Every structure is written in structure tokens, then in C-alpha cells.
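The values are calculated or read from the model by the stated rules, or taken from the named source; none is laboratory data. Since the structure is predicted, the reported quantities are computational estimates derived from the model, not experimental observations. No Cβ is skipped: glycine too gets one built from the backbone with ideal geometry, and neighbour counts run over all protein chains shown. Just the protein is used for accessible areas: all its heavy atoms, side chains included, with ligands, DNA and RNA removed. Shrake-Rupley method; radii C 1.70, N 1.55, O 1.52, S 1.80 Å.
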Amino acid sequence: TEAVDAKLLSLGSATERAILLFSSTQGILQLRKQERLAIGTIETDRLCLAGLRTLLIGWGAETITLDAAMQKVSTMPIAAELGAVL
């Protein structure tokens, strides 16, 4: 709701968005087992970020703001650890 109040995202159900984010990430993570067989085609880290970006744009995030934020996060020390988890 804070993102909606700040006009960063459009109005929508936080519960539904959480379920969509969780289920899409879980679906992509199931491909991790296949990643070694399809090198260059299935890159789960990249797909998780692309899925997140797609959902956020669908929920009203501005692409310029989102891309800047994702670029900033990717340079943080925690990004490598998050990539390992995702």
C-alpha cells in the first residue's frame, strides 16, 4: 500500500500480487534442475529478474525508475547472495 500511496504502483490487491510474485518465482526455480541441460536458454537468475520486472511494470511501475532501481540493486553486495538464493 505504501507504493500505491507514493504513486509508484497502481491500485491492486497486495495479497494477489504476493501470490503472483511467489508462484511465478517458484515456477521459474523449478527450471533450475533443467538449467544445466539447456545452457544459455534457461538462466533462472535472469528469468526471475525478468519476471519481477514484468510484474512490476504490469502493476504500474515506470520503466525508467524500475530499471534504475534494478541496476542499483544489482551492484549491491547482497545481490550475489540473492542470486544464489533465487
Checklist outcome for this item: Filter segment 57-85 for residues that are touching a Lys or Arg at 6+ places or on another chain (Cβ under 9 Å) and open to solvent by less than 60 Å² (accessible area, probe 1.4 Å); the one that is modelled with the lowest pLDDT is 70
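Residue-by-condition table, conditions (1) under 23 Å from residue 71 (Cα atoms); (2) at pLDDT 90 or above; (3) surrounded by 10 or more Cβ atoms within 10 Å (Cβ to Cβ):
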residue	(1), (2), (3)
3	yes, no, yes
13	no, yes, no
18	yes, yes, yes
33	no, no, yes
39	no, no, no
42	yes, no, yes
55	yes, yes, yes
